[in-house]
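Read through the structure below, which is laid out as structure tokens, and then see the notes.
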Amino acid sequence: MDVNKLPFLDHLAELRKRLFLILAVVLVATTISYVYVQPIMENIISLAGEKVDFIYISPPELFLAYIKLSIVAGVTITFPLLAYQIYSFIRPGLEKRERRVVIISLLGGTVFFILGILFSYNVVLPIVLKFFLDLRIGTIEPVISVGNYISFVSTSLLSFGIVFEMPMLIMLLSRFGIVSSSFLQKNTKHIIFGIVVVAAFLTPPDVVSQALLAGPMIILYEISILLAKLVERNKNKDIAQVDG
């Protein structure tokens, strides 16, 4: 069925169906993650080291921290399925060559999303937590609210997962002619400034996290330009073959 020939209300019905499936999948994955949330919590807490005491200062705080962590785990686990639902919705309106690019972008986006989370977990969080915990002086010992800690960690994990999507997103936009490599190169200074602003917005309010996010974003931006050039070259070849 050609999505372009569907009435507007049918588009909405199809979109509602996809959103419902996405919500159901995330809910199931979150529920499963909640069953195993304690070992997940122990791994997250271990990042802060053994010298930190964690507390919860309101009755539901620990429970809400478990829920938040379960949601993050659920979204991470189901990301490939979420990407597939997005592709299934837009697929009927795409040409064959466009479908190939979208599939590559979604598969690559899944890989980059997971890489971003792993980079945050294995590199960024240990550095940031060590930096802040080493600031204690004298008899002042860190006693951290578990709710605030999980919010801090969750924000970092999801921020890096989303930001690492940049190369695939730009590759997709380049294929559909929304952006071009020449535009990206011409506006590099402005875009890098925007990257710093976005890093400040996405990360917790500290310079260390912002720098650790802005650095990879700039590298990913340069990779994005290369991918945009590659897509444009292939697109021009396809156009030349059609004209020929």
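Numbers at a glance
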item	result
Lone unmet requirement of (1) in contact with a Phe, Trp or Tyr (Cβ under 6 Å, 6 or more places away or on another chain); (2) open to solvent by 80 Å² or more (accessible area, probe 1.4 Å) for ILE77	(1)
Residue tally, condition in a loop (DSSP other than H, G, I, E, B), more than 27 Å from PHE131 (Cα to Cα) and open to solvent by 60 Å² or more (accessible area, probe 1.4 Å), over the stretch 26-72	3
Residue tally, condition of a type in the set (A, V, I, L, M, F, W, C), out of contact with any strand residue (DSSP E or B) (no Cβ under 9 Å at 6 or more places or on another chain) and open to solvent by 40 Å² or more (accessible area, probe 1.4 Å), over the stretch 133-151	3
Scope the stretch 83-110; condition of a type in the set (A, V, I, L, M), within 25 Å of ALA13 (Cβ to Cβ), open to solvent by 30 Å² or more (accessible area, probe 1.4 Å) and under 17 Å from the mean Cα position of the chain (by Cα); matching residues	ILE86, LEU106
Filter result (of a type in the set (Val, Ile, Thr) and over 18 Å from the mean Cα position of the chain (by Cα)) within the stretch 173-202	ILE178, VAL179, THR188, ILE191, ILE192
Pair list, Cβ < 6 Å and 6+ apart or interchain, from the stretch 175-201 residues that are under 14 Å from GLU222 (Cα atoms) to residues that are assigned to a helix (DSSP H, G or I) and open to solvent by less than 30 Å² (accessible area, probe 1.4 Å)	SER181/ILE225; SER181/ALA228; LEU184/ILE225; ILE195/ALA214; ILE195/MET217
Residues (surrounded by fewer than 17 Cβ atoms within 10 Å (Cβ to Cβ) and either farther than 30 Å from LYS237 by Cβ or among the charged types (D, E, K, R) (or both)) located in the stretch 163-190	LYS186, LYS189, HIS190
Residue, farthest from MET166 (Cα to Cα), within the stretch 208-222, restricted to residues that are over 15 Å from the mean Cα position of the chain (by Cα) and not hydroxyl-bearing (Ser, Thr, Tyr)	VAL208
Selection from the stretch 112-125 of residues that are of a type outside the set (S, T, N, Q) and surrounded by fewer than 14 Cβ atoms within 10 Å (Cβ to Cβ)	VAL123
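Residues are listed down the side, and each one gets a yes or a no for (1) closer than 23 Å to ASP53 by Cβ; (2) of a type in the set (Lys, Arg); (3) touching an Asp or Glu at 6+ places or on another chain (Cβ under 8 Å):
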| site | (1), (2), (3) |
| --- | --- |
| LEU135 | yes, no, no |
| PRO142 | yes, no, yes |
| ASN148 | yes, no, no |
| SER159 | no, no, no |
| VAL163 | no, no, no |
| THR188 | no, no, no |
| VAL196 | no, no, no |
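The values are calculated or read from the model by the stated rules, or taken from the named source; none is laboratory data. Because the structure is predicted, anything quoted here is derived from the model rather than measured. As a convention, Cβ positions derive from the backbone with ideal geometry for all residues, glycine included, and neighbour counts pool all protein chains shown. We work out accessible area using only protein heavy atoms, side chains counted, and drop any ligands, DNA or RNA first. Shrake-Rupley method; radii C 1.70, N 1.55, O 1.52, S 1.80 Å.
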